[in-house]
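Asks: Got a structure here, written out as structure tokens. Questions coming.
The values are calculated or read from the model by the stated rules, or taken from the named source; none is laboratory data. Here the structure is a predicted model, which is why all the values come from computation and not from measurement. Please note: Cβ atoms are built from the backbone with ideal geometry, for glycine as well, and neighbour counts cover all protein chains shown.
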């Protein structure tokens, strides 16, 4: 469940839909299986989402009961079905295993459906919403290989694969269950140029200079600062000389007062946001030796004419010399 801190047109539309939900009369609870798990959000899930936002104390037991009944996207203990060819198993960082993000345990393979239906409410979780941004950033690029770090259920990776049908596009995530789900979603969309693997974005098994584009979307602010720094270093290692990166993440506000206010607003769902606000990502990227760095705040500046107004995000792009 994403925090409402990151506001945008899709979030506003989602809230409007939820406002019409009658909390006192819950719809019939459907049965979600592996066969229908990619279906659109059900009326019961809409009701449950509004309940979470309106009366969390009452909603949490209902949500947990609902999630416990979801199909699980678990697999072999050694992750052999989701590792890149020839790659060894890897160790997941302790913060990912122990610290819930957005109040949800990322390591639980039954939560995947909940993230998927969240597409209806949050701006960066629908491929159609993301394409205009990537199109604007990479309008003149003709990449052969693209890496999407921390892909989750795969919306940003799918957007890149559909935007660049001649490129090989790879999404990676710590969650093997997210990878399995993303593979199924991409297959349903008929994508042939996409692959998903379980990998640690801060220590992948890919060779140096392997990608023309490397992207992260709302990943760095979910990490302790040392982990975020590892991911940035890995981005540089993996990019070919002249390759480009994009970091699409929480705005680094101009004043310490504004940064702390943002941290307080998101306290709870964003346990590592205070560490992210101490990083100063743009400055850190320059210190890493990236060049041609450009930073833009807000969707409206990135994609003029996008319906619904501004989107509260920061986009930093640059190049490996």
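Asks: Of the conditions (1) closer than 19 Å to residue 297 by Cβ; (2) touching a strand residue (DSSP E or B) at 6+ places or on another chain (Cβ under 9 Å); (3) modelled with pLDDT of 95 or more, residue 182 satisfies every one except a single condition; which number is it?
Replies: Tallying (1) closer than 19 Å to residue 297 by Cβ; (2) touching a strand residue (DSSP E or B) at 6+ places or on another chain (Cβ under 9 Å); (3) modelled with pLDDT of 95 or more, residue 182 fails exactly one: (1).
Asks: Quick check on my filter: what residues within the stretch 280-321 are touching a helix residue (DSSP H, G or I) at 6+ places or on another chain (Cβ under 9 Å), at pLDDT 95 or above and either under 19 Å from residue 254 (Cβ atoms) or assigned to a helix (DSSP H, G or I) (or both)?
Replies: 281, 284, 285, 293, 316
Asks: Specify the residue that is modelled with the lowest pLDDT; the eligible residues are those in the stretch 108-135 that are in a loop (DSSP other than H, G, I, E, B) and under 18 Å from residue 270 (Cβ atoms).
Replies: Our first condition is that a residue be in a loop (DSSP other than H, G, I, E, B); within the stretch 108-135, this holds for 108-111, 121-122, 126.
Imposing the further condition that a residue be under 18 Å from residue 270 (Cβ atoms) reduces the set to 111, 121-122.
Numbers: 111: 94, 121: 65, 122: 61.
My answer is 122.
Asks: Oh, and also: Tally the residues that are within 15 Å of residue 34 (Cβ to Cβ) and over 18 Å from the mean Cα position of the chain (by Cα), restricting the search to the stretch 177-205.
Replies: Number of matching residues: 2.
Asks: Could you list, in sequence order, the residues of the stretch 59-76 that are crowded, with 16+ Cβ neighbours inside 10 Å, under 24 Å from the mean Cα position of the chain (by Cα) and in a helix (DSSP H, G or I)?
Replies: Across the stretch 59-76, the qualifying residues are 63, 66, 67.
Asks: Would you pick out the residues in the stretch 136-157 that are over 21 Å from residue 46 (Cα atoms) and either in contact with a helix residue (DSSP H, G or I) (Cβ under 7 Å, 6 or more places away or on another chain) or not in a loop (DSSP other than H, G, I, E, B) (or both)?
Replies: So the first thing to find is which residues in the stretch 136-157 are over 21 Å from residue 46 (Cα atoms), and the list is 136-152, 154, 156-157.
Scanning the stretch 136-157 gives 136, 137, 145, 146, 147, 148, 149, 151, 152, 154, 156, 157.
Asks: For the list (1) crowded, with 19+ Cβ neighbours inside 10 Å; (2) modelled with pLDDT of 95 or more; (3) under 24 Å from residue 266 (Cβ atoms), I need the number of the one condition that residue 170 fails.
Replies: (3)
Asks: Would you mind stating whether residue 260 is closer than 23 Å to residue 99 by Cβ, surrounded by fewer than 22 Cβ atoms within 10 Å (Cβ to Cβ), free of Cβ contacts under 8 Å to residues at least 60 places away in the same chain and touching a helix residue (DSSP H, G or I) at 6+ places or on another chain (Cβ under 9 Å)?
Replies: Details: closer than 23 Å to residue 99 by Cβ: yes; surrounded by fewer than 22 Cβ atoms within 10 Å (Cβ to Cβ): yes; free of Cβ contacts under 8 Å to residues at least 60 places away in the same chain: yes; touching a helix residue (DSSP H, G or I) at 6+ places or on another chain (Cβ under 9 Å): yes.
Criteria met by residue 260.
Asks: When you look at residue 241, is it surrounded by 16 or more Cβ atoms within 10 Å (Cβ to Cβ) and at negative phi, yes or no?
Replies: Numbers: surrounded by 16 or more Cβ atoms within 10 Å (Cβ to Cβ): no; at negative phi: yes.
No.
Asks: Quick one: how many residues across the stretch 10-55 are closer than 19 Å to residue 153 by Cα, modelled with pLDDT under 90 and not in a helix (DSSP H, G or I)?
Replies: 0
Asks: With respect to residue 231, determine if the residue is under 14 Å from residue 148 (Cβ atoms), out of contact with any helix residue (DSSP H, G or I) (no Cβ under 7 Å at 6 or more places or on another chain) and crowded, with 18+ Cβ neighbours inside 10 Å. Write out each step before concluding.
Replies: On the way: under 14 Å from residue 148 (Cβ atoms): yes; out of contact with any helix residue (DSSP H, G or I) (no Cβ under 7 Å at 6 or more places or on another chain): no; crowded, with 18+ Cβ neighbours inside 10 Å: yes.
Here the answer is no, as residue 231 does not meet what is asked.
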